[in-house]
Ligand SMILES: Nc1ncnc2c1ncn2[C@@H]1O[C@H](COP(=O)(O)OP(=O)(O)O)[C@@H](O)[C@H]1O
Ligand SMILES: [Mg+2]
């Protein structure tokens, strides 16, 4: 298990005042964060740009020392025992950097494999296996500069798995990828956690991605934790609104009135079309059954009914609104 | 074994990365060859008899060999300037940070990187030097039994120096300065063309700061003057001290660089 206790990071940045004078400025990127990652679990780290996600990942992967707090990886201290920890973790960032573009896919993996102390047959086997699971076997001898974005990202994943890490940190891994490619990548991440039992921390600002993949989510803002729960609970606790859109045969004014009376606590809106009425309902509970009952009672025929469940995205937006209010 | 494996990895990487383009061979052969030829012909018009100023400091009949050895040793050192310059590329590409993400012994990578780059960069001009030797009939002036030890000294010195430069560039992103300091000044002050002894005092002081100066002196004494290592005891000792100093500084700076990077996250800034 990875356990971060009260970690914080303070950067000191030089601000140019004039040609000769510069002033030190303190940037508090992460502030008193507690966080755990278990084996076989996908944990999400959410937040707006500049919230401190990358900084957190870099501290967990030993690239940065926390200014305060401690990080232990299976009992090893990430600062004191950094070299042992490095052997157990790996990090993958989105985007096309972090590869040698003039080397082929296999050569990239071979280079990094050697830095991890792999060699000979074991290394070649590992390279072959990894290229296979990321679907780059055919491109293994092609220079990376000729790869598509998606291929580069898949090679990054292979690179991140070269040392068979127990814990993997993914910093916006689907950044800039087309939807089907991103979907394929998500499948891969899921397999890594569920079949290979790796502990995974994922940052993303695609909320559906986090909702689909993560067992638990940490939401941070300006470096501080504001919420930690399962995606379902976050959504349920923050967003109380269900949205139902229903299209019916034309409703007369009295019927509309009785509908309003019948749905206590809901907000209704009507849009009149030539041969139908579209009713928008916002409710703090799932109002579908009640609506259908009312329609039957009024002998109104239903043409279309759509229930929009609250999503994590709504939760985040609601949280942001709460904060700024 | 680990060292060899990392060395091989660095050689392959530097080969694919810096030498994939055939144009690079232009800069590795034609450029130093041109330097050599221009230097040679700029000496030509002068009176280089035994009564000339220069003859106080060197055997003027050896001028061809003097320049050739000078430029060859210079290329060994210059290739490592380029290796350090590539650090800024790796910083931008983010691969530098990935190297530090691994548990690899850092010092090994820094020196293997220097060695890998040197091996790739120098063989061509070394071959050229030998060719000139054989075709111009100067081969007889060479003390061949000293050649292996001279090359070993040259290579080790260059690698130590290159590893040191790589480490210095973990701190700085302004790699342009390398070219300013090491292109023309290193050629001039290290005694590639003119013996350091012929410099005025201030020139000698500057020469003192380029490790190439010490290497060149020993290299020429071994290969051109046929002196033995015992005879060169004092010079060898000085070179040894310079290299030891560079190694110590490397170990120290490398530790500092990683600590600094872990504080500031500067390994990705560019
Ligand atoms: N190396 C650095 N030096 C100084 N400030 C930094 C550095 N890296 C990040 N920051 C600052 O720290 C804050 C958090 O950044 P980051 O962790 O990259 O956020 P995120 O990944 O969530 O977008 C930002 O205000 C950013 O400007
Ligand atoms: Mg980020």
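Picking from A:260, A:321, A:282, A:308, which residue would you name as being free of Cβ contacts under 8 Å to residues at least 12 places away in the same chain and within 30 Å of residue A:44 (Cα to Cα)?
When all the criteria are applied, what remains is A:321.
Is it the case that residue A:234 is away from chain B (no Cβ under 14 Å) and either within 16 Å of the chain's Cα centre (by Cα) or within 15 Å of ligand 1 (Cβ to nearest atom) (or both)?
The answer is yes for residue A:234.
Out of (1) without any contact (Cβ under 8 Å) to a residue 24 or more places away in the chain; (2) over 30 Å from residue A:42 (Cα atoms), what's the single condition that is false for residue A:233?
(2)
Search the stretch A:40-49 for residues being farther than 16 Å from residue A:200 by Cβ and more than 8 Å from ligand 2 (Cβ to nearest atom), and hand back the single one that is farthest from the other protein chains (Cβ to nearest Cβ).
So the residue we want is A:48.
Looking at residue A:93 and the list (1) at pLDDT below 95; (2) in contact with a strand residue (DSSP E or B) (Cβ under 6 Å, 6 or more places away or on another chain); (3) more than 8 Å from chain B (Cβ to nearest Cβ), which single condition is not satisfied?
Every listed condition holds for residue A:93 apart from (3).
Taking the stretch A:70-79 as the search range and keeping residues that are within 14 Å of chain B (Cβ to nearest Cβ) and in contact (Cβ under 8 Å) with a residue 40 or more places away in the chain, which one is nearest to ligand 2 (Cβ to nearest atom)?
Looking at residues that are within 14 Å of chain B (Cβ to nearest Cβ) and in contact (Cβ under 8 Å) with a residue 40 or more places away in the chain, I get A:71.
Can you name the condition, by its number, that residue A:15 falls short on among (1) farther than 26 Å from residue A:164 by Cβ; (2) more than 16 Å from ligand 1 (Cβ to nearest atom); (3) without any contact (Cβ under 8 Å) to a residue 12 or more places away in the chain?
With (1) farther than 26 Å from residue A:164 by Cβ; (2) more than 16 Å from ligand 1 (Cβ to nearest atom); (3) without any contact (Cβ under 8 Å) to a residue 12 or more places away in the chain applied to residue A:15, the lone miss is (2).
Look through B:76, B:41, B:66, B:25 and report the one residue that is in a helix (DSSP H, G or I), loosely packed, with under 15 Cβ neighbours inside 10 Å and touching a helix residue (DSSP H, G or I) at 6+ places or on another chain (Cβ under 8 Å).
B:25
Tell me which residues, restricted to the stretch A:158-178, are within 16 Å of ligand 2 (Cβ to nearest atom), away from chain B (no Cβ under 13 Å) and closer than 14 Å to residue A:37 by Cα.
A:170
Could you pull out the residue among B:257, B:261, B:198 that is modelled with pLDDT under 80, in contact with a helix residue (DSSP H, G or I) (Cβ under 7 Å, 6 or more places away or on another chain) and surrounded by 13 or more Cβ atoms within 10 Å (Cβ to Cβ)?
Among B:257, B:261, B:198, only B:198 is modelled with pLDDT under 80, in contact with a helix residue (DSSP H, G or I) (Cβ under 7 Å, 6 or more places away or on another chain) and surrounded by 13 or more Cβ atoms within 10 Å (Cβ to Cβ).
Give B:103, B:148 a once-over and let me know the one that is within 14 Å of chain A (Cβ to nearest Cβ) and without any contact (Cβ under 8 Å) to a residue 12 or more places away in the chain.
Checking each option against the conditions leaves just B:103.
In a helix (DSSP H, G or I) and within 14 Å of another protein chain (Cβ to nearest Cβ): does that describe residue B:249?
It is false that residue B:249 is in a helix (DSSP H, G or I) and within 14 Å of another protein chain (Cβ to nearest Cβ).
For the stretch A:119-130, give me each residue that is touching a helix residue (DSSP H, G or I) at 6+ places or on another chain (Cβ under 7 Å) and surrounded by fewer than 21 Cβ atoms within 10 Å (Cβ to Cβ).
A:119, A:123, A:126
Given the residues B:165, B:133, which is the only one that is in contact (Cβ under 8 Å) with a residue 12 or more places away in the chain, more than 19 Å from residue B:34 (Cα to Cα) and touching a helix residue (DSSP H, G or I) at 6+ places or on another chain (Cβ under 8 Å)?
Just a single option satisfies the conditions, and that option is B:165.
Considering only the stretch B:74-100, state which residues are more than 13 Å from every other protein chain (Cβ to nearest Cβ) and within 11 Å of residue B:166 (Cα to Cα).
B:80, B:81, B:82, B:83, B:84, B:85, B:87, B:88
State all residues of the stretch A:179-223 that are touching a residue at least 24 places away in the same chain (Cβ under 8 Å), away from ligand 2 (no atom under 16 Å from the Cβ) and either out of contact with any helix residue (DSSP H, G or I) (no Cβ under 9 Å at 6 or more places or on another chain) or assigned to a loop (DSSP other than H, G, I, E, B) (or both); if no residue qualifies, say none.
Listed by number, the residues that qualify are A:194, A:197, A:198, A:214, A:215.
Out of the stretch A:30-49, which residues are more than 15 Å from the chain's Cα centre (by Cα), crowded, with 23+ Cβ neighbours inside 10 Å and within 11 Å of ligand 1 (Cβ to nearest atom)?
Once the filter is applied, which keeps residues that are more than 15 Å from the chain's Cα centre (by Cα), crowded, with 23+ Cβ neighbours inside 10 Å and within 11 Å of ligand 1 (Cβ to nearest atom), the stretch A:30-49 yields only A:30.
Just name the residue that is surrounded by the fewest Cβ atoms within 10 Å (Cβ to Cβ) out of those in the stretch A:50-69 that are away from ligand 2 (no atom under 16 Å from the Cβ) and within 12 Å of chain B (Cβ to nearest Cβ).
Taking the candidates together, the pick is A:67.
Collect the residues in the stretch A:223-240 that are buried (at least 16 other Cβ atoms within 10 Å of the Cβ) and farther than 27 Å from residue A:29 by Cβ, keeping them in residue-number order.
A:235, A:239
Go over the candidates A:280, A:261, A:256 one by one and state the one that is in a strand (DSSP E or B) and at pLDDT 85 or above.
Answer to the selection: A:280.
Name the residue, out of A:13, A:27, that is within 12 Å of chain B (Cβ to nearest Cβ) and within 16 Å of ligand 2 (Cβ to nearest atom).
Selected residue: A:27, the only one of A:13, A:27 that is within 12 Å of chain B (Cβ to nearest Cβ) and within 16 Å of ligand 2 (Cβ to nearest atom).
Residue by residue, here is whether (1) within 14 Å of another protein chain (Cβ to nearest Cβ); (2) within 16 Å of the chain's Cα centre (by Cα) holds:
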| position | (1), (2) |
| --- | --- |
| B:216 | no, yes |
| B:229 | no, no |
| B:232 | no, no |
| B:245 | no, no |
| B:261 | yes, no |
| B:264 | yes, no |
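Considering only residues that are closer than 18 Å to residue A:71 by Cα and not in a strand (DSSP E or B), which ones fall in the stretch A:29-40?
Hits for the stretch A:29-40 are A:38, A:39.
Could you please tell me which pairs satisfy a Cβ distance under 9 Å, a separation of 6+ or placement on different chains, a first residue in the stretch B:1-30 that is facing chain A (nearest Cβ under 8 Å), and a second residue that is loosely packed, with under 13 Cβ neighbours inside 10 Å?
Qualifying pairs under 9 Å: B:5/A:120.
The values are calculated or read from the model by the stated rules, or taken from the named source; none is laboratory data. Just so it is clear, the structure is predicted and the values come from calculations on it, not from any experiment. Backbone-built Cβ (ideal geometry, glycine too); neighbour counts: all protein chains shown.
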